[in-house]
Structure formats: structure tokens, C-alpha cells
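Here is the structure we will look at, set down as C-alpha cells.
The values are calculated or read from the model by the stated rules, or taken from the named source; none is laboratory data. The model shown is predicted, which means the values in this text are computed figures rather than measured ones. Glycine also receives a Cβ, built like all others from the backbone with ideal geometry; neighbour counts cover every protein chain displayed. Remember, those area values only see protein heavy atoms, side chains included, never the ligands or the DNA or RNA. Shrake-Rupley method; radii C 1.70, N 1.55, O 1.52, S 1.80 Å.
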Amino acid sequence: MSTRRSVAFIGSECYPFVKTGGLGDVMYALPKALTKQNCDVKVILPRYKCIPWKYQEKMVYRGEFHMDLCADGRTYYVGIMEYVWDGVVYDFIDNEEFFGFGNPYTNLVDDIPKFCFFGKAALAALNYLNWIPDIIHCHDWQAGLVPVYLRTLFADTPIGNARTILTIHNLRFQGVYNIPTIQYWSGLPGYVFNKDALMQNWLDANMLKGGLTYCDLITTVSNTYAGEIQTPFYGEGLDAHLRYHSGKLRGIVNGIDVDLWNSATDARLAEPYDISSVLTGKKENKRALQEQLGLVQDDHMFVIGLISRLTDQKSLDLVNAILPQLIDGHTQVVVLGTGDERYESAFRYYEGAYKGYVCSNIMYDEGRAHMIYAGSDALLVPSLFEPCGLTQLIAMRYGTVPIVRETGGLKDTVQPYNQYTNWGYGFTFDRYESGLLLDAVNRAKTLYFTNRWCWDEMVQRDMDVDVSWEKSAEQYRSLYMELKP
Ligand code: ADP
Ligand code: GLC
């Protein structure tokens with residue numbers, strides 16, 4: 001294979017150390033896929049207190065130094081703890097003051113200084129380790145200042161020649177605060193706080209916006225989202241900025257780790273299954289799910305799963321609006337998620353109101369997620385916006401038919417079922433309306449209850465879709481090559 005590339009990934013979460021959503025999955029699976037494509041990958045993460053002890057105890061101390069950060073000239077401790085796994089090197093930035101609290105994200109008042117420190121410390125650590133990559137691949141606003149630091153305070157240091165990619169996983173979060181605070185904590189020169197870089201609305205500083213200006217390439221996690229974010233509806237206030245930089249903006253759809261998500265070897269399932277045994281395998285897993293969750297036990301139920309952060313991004317208002325209409329004695333709904341109080345309470349209420357038919361698991365639980373992917377017939381992902389979405393990909397891999405809104409990566413990955421050609425991977429609807437969501441679920445139910453043969457074919461077709469990282473990792477690799485001839 002062609003030339004080797006070295007890449008440093010910088011981001012705020014990574015499975016299995018710490019994960020709150022899809023970013024954590026990508027930070028784990030993409031580096032792993034890239035190592036198979038002749039890339040050397042180092043992943044730089046904060047060493048949060050919440051990282052399970054079984055990983056912490058295996059980390060190896062690689063060194064420490066002191067770094068200045070904010071305008072008052074105080075210096076901060078930066079420790080580097082290393083963990084090597086599956087060909088990928090993970091370097092954790094250690095600092096009790098910033099990462100000792102536990103959870104990765106708390107509130108902006110704490111998170112802004114935390115990720116100013118993290119961005120600068122990540123680059124300083126690479127210099128300290130004398131590991132100078134060809135490419136620095138930054139993820140979301142938490143790593144937004146990295147390209148800015150690189151082209152300013154680090155320009156004349158060994159790392160200064162590296163090229164940068166900034167991947168947007170979710171444009172909703174940007175790291176915005178008033179200019180004096182971000183200027184103080186970042187220690188960045190005043191000139192970067194201009195309207196084309198960090199400044200926003202003349203008063204605020206936006207860490208992601210600065211990164212978008214200073215990076216060499218911007219990517220986002222699907223083609224459709226790459227187009228959507230250039231419009232006011234999806235642009236979260238940055239649409240004009242993204243249109244201006246559209247020449248360096250690309251969309252590359254996410255994959256999933258097909259070793260981690262493999263129904264044939266998944267030890268968490270009541271009965272593992274592959275494409276040839278999926279019909280009996282799913283029946284066993286449905287039984288186990290109904291039993292464990294206290295649902296009415298009946299093989300003929302149409303079981304709908306929903307695995308999601310409970311926030312307005314995921315259109316839970318639409319789900320809540322139609323839930324009573326879904327429950328007809330032949331349908332069960334299993335929810336797994338945590339998030340906004342109002343959604344948590346709504347789902348708790350429905351569980352009480354429809355005992356045996358609705359089960360709301362208000363928790364974060366990897367094991368239960370695997371069981372629900374395997375035991376459900378369909379998975380609901382009606383998102384208001386969805387940069388890529390991984391749950392529909394995992395669902396397909398487990399032979400669970402996705403029901404999605406046609407937005408972002410959902411549109412790019414779920415080809416709608418066409419009853420005339422008997423082809424497609426799932427059921428879709430376009431406008432953000434509860435009636436259309438209900439219609440999509442009803443179309444799915446109609447096929448399930450009246451034409452099981454075609455439904456079962458779709459289940460097998462879904463399992464056959466290539467949702468692995470291979471093709472997308474190749475596209476990232478081509479970008480790395482493009483940047484550094
Ligand atoms: P997002 O990143 O917007 O949350 P994605 O679909 O990209 O959405 O990724 C969500 C990831 O988090 C998937 O791996 C999904 O299985 C997982 N997940 C979400 N909620 C839970 C939960 N309550 N318990 C376990 N896993 C969850
Ligand atoms: C974000 C998005 C999700 C995407 C994930 C990984 O959290 O909300 O759509 O799949 O990042 O890129």
C-alpha cells in the first residue's frame with residue numbers, strides 16, 4: 001500500500017473510556033479502521049476521573065511538564081498517561097484541576113476553560129513526546145481551538161507544519177462565551193477575535209467558528225448534513241460562515257465497528273444469530289427482552305425500540321404525541337435513554353399508563369442497548385436533525401428495520417422501502433410532523449402484519465448492508481493524502 005500517514009485524533013470522548021453519544025463511538029472505531037489502512041494513529045483525550053479504573057490502572061506514565069495558559073501567566077501541570085490497544089495509542093492528558101470533577105461535560109462556565117486547556121495541552125504534549133504527525137484530526141468544538149493554536153502560538157514549534165482537519169459531529173454545540181473570558185483562558189492573541197475567525201455577533205467568541213476558519217479541511221459526518229448546515233435552518237447561526245468556507249467542506253458518512261456490533265458473536269444476546277438464522281434468532285431475543293423488561297410475552301408483538309439521548313434533537317415531542325396511538329394491543333415500545341427531564345418523565349408516565357406494552361429504561365446501559373437492538377423488530381429515529389446517526393446503522397446490522405426522518409445521515413443511509421419493487425432498508429418520512437411519523441410506523445406495521453415474507457426479506461437485506469468503517473476510512477485517508485502530498 002501507499003505512503004504511511006501519521007494522524008493525531010483530538011477529541012473529548014472515546015469508547016470504552018468515556019462515551020456520551022456517537023462521538024465516542026467514532027473516536028474509537030475510526031482510528032482502529034485507519035490503522036488497517038497504513039495510518040499511525042494516536043488519540044488524545046482528557047483523563048477524566050470517570051474513566052473506569054480497569055483502564056486507568058493500565059495506563060503508563062509518559063511524562064509531565066508545565067504549560068502557561070491564561071493571560072495571568074500562571075502555569076499548569078500537564079501529565080501524559082498512555083494506553084495502547086488494538087494498534088492505536090491513546091494519550092490521556094492529566095490535570096486534576098480541569099478533569100478531576102468526573103463527567104466530561106458539566107456547564108459552560110467550567111467547560112470553556114477545560115477545553116481551552118485541553119486544546120493547548122494536546123499540541124504541547126505532541127511536541128513534548130516529539131511525535132509530529134502529518135495530520136491533526138480535531139473533533140467538535142472541544143477541539144475547536146486546536147487549529148487556531150497551531151497557526152498562532154505553535155506556528156514556530158515542531159508541530160507547526162502539521163495540517164488540520166476539523167470534523168463537525170454536531171453543529172449545535174459550539175463553545176460560545178464572551179470574548180474576554182475566552183481570550184483570558186485561551187491566551188490567544190487579540191487578532192484572532194475578529195469577525196472572520198472567533199468573534200460572533202460582535203460580543204461573543206465561538207471556539208468552533210475559530211477552528212473552522214483556521215483548519216485546512218472541514219468534514220462532517222454525512223453528505224446531506226454537509227449541505228444542510230449551509231442553510232439557516234440547520235446552520236445553528238454558522239450557515240453563512242460555512243457557505244464561505246464551503247470549498248474546504250466535505251461530507252463522509254460514519255460507519256460502525258462491526259466487531260463490536262456483531263449479532264453472531266455478541267455475548268450480551270440471549271441467542272446470537274447471523275443472516276441465515278436471524279428469523280429464529282430475533283424471536284428468541286424478543287422473548288428474552290419481553291421477559292427481562294416485564295412486557296407482555298407474545299411472539300407476535302411488533303416491538304419498536306428507541307435508543308437515544310433524550311433531547312429535542314431526537315424529536316421526542318413527535319414520539320410523545322403519537323405514543324398512545326401506537327399502542328393497539330399488538331405493539332410494544334421499549335425506550336432506552338437519559339436526558340431532558342421533561343422527556344424522561346413523559347416516558348415514565350407512558351410506562352405506567354401502558355403497563356406491559358411500554359417499557360422506559362431511563363438509564364445509560366450498553367448491555368441493555370445490545371439487547372434492545374437484537375430483540376426489537378424496528379428502531380425509531382425520527383430526529384429533527386441528525387448529522388449521521390449510528391443507531392440506525394447498528395439496527396440494520398442486527399436485522400432491525402429503521403424508521404427514520406429523512407434528514408442528515410439518516411437520509412443517506414436508509415433507503416426507503418418501495419412496495420412496488422420490494423426494495424429498501426426502512427421506512428421514512430420527510431416533514432417534522434407527528435402525523436407523518438405515525439404514518440411511517442403504520443406503514444411498517446402493515447408490512448409486518450400483512451406481508452411477513454417481504455418484511456423478513458427486508459430484515460435480511462438490512463443485515464447485508466455494508467455499514468463498516470472500511471469505505472469511509474478510505475475516504476478519510478484520501479483526504480489525509482490530499483493535504484500532505
Ligand atoms: P448521538 O451521538 O447524537 O447521541 P448517535 O446515533 O450517533 O447519536 O450515537 C448514539 C450512540 O449512543 C449509539 O452507540 C447508541 O447505541 C448509544 N446510546 C445512546 N443512548 C444510550 C443509552 N441510554 N444506553 C446505551 N447506549 C446509548
Ligand atoms: C453526533 C451526532 C450524530 C453522529 C455522531 C457521530 O453526536 O448527533 O448524528 O452520528 O455525532 O458522528
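Does the range 385-425 classify as rounded, prolate or oblate by the C-alpha gyration tensor (a ≥ b ≥ c root eigenvalues; a/c under 1.5 gives rounded; else a/b over b/c gives prolate, otherwise oblate)?
Working: a/c = 2.83, a/b = 1.38, b/c = 2.05.
Oblate shape, in that a/c is at least 1.5 and b/c is the bigger or equal ratio.
For 370, 330, what's the largest-to-smallest order of accessible area, 1.4 Å probe? Write out the running numbers ahead of the final one.
On the way: 370 5, 330 105 Å².
The most accessible residue leads, giving 330, 370.
Going toward the positive end of the dipole of the chain, with +1 on Lys and Arg Cβ and -1 on Asp and Glu Cβ, which of 448, 116, 404 do you reach last?
Of 448, 116, 404, it is 116.
Just the number, please: Stokes-Einstein D of the range 146-302 in µm²/s, Kirkwood Rh from C-alpha pairs, 20 °C, 1.002 mPa s. Walk me through the numbers on the way to the answer.
Details: Rh = 19.3 Å.
D, rounded to a whole number, is 111 µm²/s.
Please give the direction-averaged projected area of the C-alpha convex hull for the range 347-391, in square nanometres with one decimal.
In nm², the orientation-averaged hull projection of the range 347-391 is 4.2.
Only four residue types carry charge here, +1 at the Cβ of Lys and Arg and -1 at the Cβ of Asp and Glu. Report the dipole size of the chain about the Cα centre in Debye, rounded to the nearest 20.
540
Ordering 280, 213 by how much accessible area each has at a 1.4 Å probe, largest first, what is the list? Walk me through the intermediate numbers first.
Values: 280 90, 213 35 Å².
Of 280, 213, the descending order of accessible area is 280, 213.
With every protein chain kept in place and ligands, DNA and RNA left out, what is the accessible area per residue of the range 278-466? Probe 1.4 Å, answer in Å². List each step's numbers first, then the result.
Numbers: 7170 Å² over 189 residues.
Averaged over the residues of the range 278-466, the accessible area is 38 Å².
Using a cut-off of 20 Å between alpha-carbon atoms, which aspartates and glutamates can reach residue 54, once sequence neighbours fewer than 8 places away in the same chain are excluded?
13, 25, 82, 86, 91, 94, 96, 365, 366
Just how much of residue 309 is accessible, in Å², when a 1.4 Å probe is used and the result is rounded to the nearest 10?
Roll a 1.4 Å probe over it and residue 309 shows about 80 Å².
From the C-alpha coordinates alone, can you work out the Kirkwood hydrodynamic radius of the range 229-326, in Å? Mind showing how you got there, number by number?
Details: mean 1/r = 0.0562 Å⁻¹.
After inverting the mean inverse Cα-Cα distance, the result is 17.8 Å.
Any chance you could list the semi-axes, whole Å, largest first, of the equivalent ellipsoid that the Cα gyration tensor gives for the chain, using √(5λ)?
Numbers: eigenvalues 328, 105, 95 Å².
Over the Cα atoms of the chain, the semi-axes work out to 40, 23, 22 Å.
Using a 1.4 Å probe on the protein heavy atoms only, what accessible surface does residue 468 show? Give it in Å² to the nearest 10.
Probe radius 1.4 Å; accessible area of residue 468 about 30 Å².
Kindly identify the range 115-233 as rounded, prolate or oblate by the Cα gyration tensor criterion: order the square roots of the eigenvalues as a ≥ b ≥ c, call it rounded if a/c is under 1.5, otherwise compare a/b with b/c, prolate if a/b is larger, else oblate.
Working: a/c = 2.07, a/b = 1.21, b/c = 1.71.
Verdict is oblate for the range 115-233.
In the structure shown, do any of 58/411; 209/411; 120/471 have a Cα-Cα gap over 30 Å, and if so which? Kindly include the intermediate steps, with their values, before the conclusion.
Numbers: 58/411 41 Å; 209/411 26 Å; 120/471 32 Å.
In this structure, 58/411; 120/471 lie more than 30 Å apart at Cα.
With bins 5 Å wide starting at 0, give me the P(r) of the range 278-466 over every alpha carbon pair, in whole percents.
Calculated P(r), rounded to whole percents: 1, 8, 19, 23, 23, 16, 7, 1, 0.
Order these peptides, 36-48, 242-254, by their mean beta-carbon neighbour count within 10 angstrom, highest first. If you can, show how the numbers build up before the last one.
Numbers: 36-48: 21.2, 242-254: 17.9.
Ranked from most to least packed, the peptides come out as 36-48, 242-254.
Residue 484: which lysines have alpha carbons under 20 Å from its alpha carbon, excluding same-chain residues fewer than 8 sequence positions away?
Leaving aside lysines fewer than 8 places away in the same chain, those within reach of residue 484 are 36, 42, 248.
Summarise the accessible area of the range 254-319 (1.4 Å probe, protein heavy atoms) by the percent that is carbon and sulfur.
On the way: 1300 of 2750 Å².
Heavy-atom surface of the range 254-319 belonging to carbon and sulfur, 1.4 Å probe: 47 percent.
Run through the DSSP bridge list for the chain and note the antiparallel percent, rounded to the nearest 5.
Working: 22 of 70 bridges.
Antiparallel bridges make up about 30 percent of those DSSP assigns within the chain.
Using a simple charge model, +1 on the beta-carbon of Lys and Arg, -1 on the beta-carbon of Asp and Glu, nothing else, what dipole does the range 278-466 show about its Cα centre, in debye to the nearest 20?
Working: 18 positive and 25 negative charges, 46 e Å.
Using Cβ point charges on Lys, Arg, Asp and Glu, the range 278-466 gives about 220 debye.
For the chain, list the DSSP H helices whose alpha carbon atoms reach 24 Å or more along the long axis and whose average Kyte-Doolittle value is 0.5 or above?
Numbers: long enough: 108-129 (30 Å, 0.93).
Passing helices, by number: 108-129.
Out of 345, 371, 473, whose Cα points farthest toward the positive end of the dipole of the chain (charges: +1 Lys, Arg; -1 Asp, Glu; placed on Cβ)?
473
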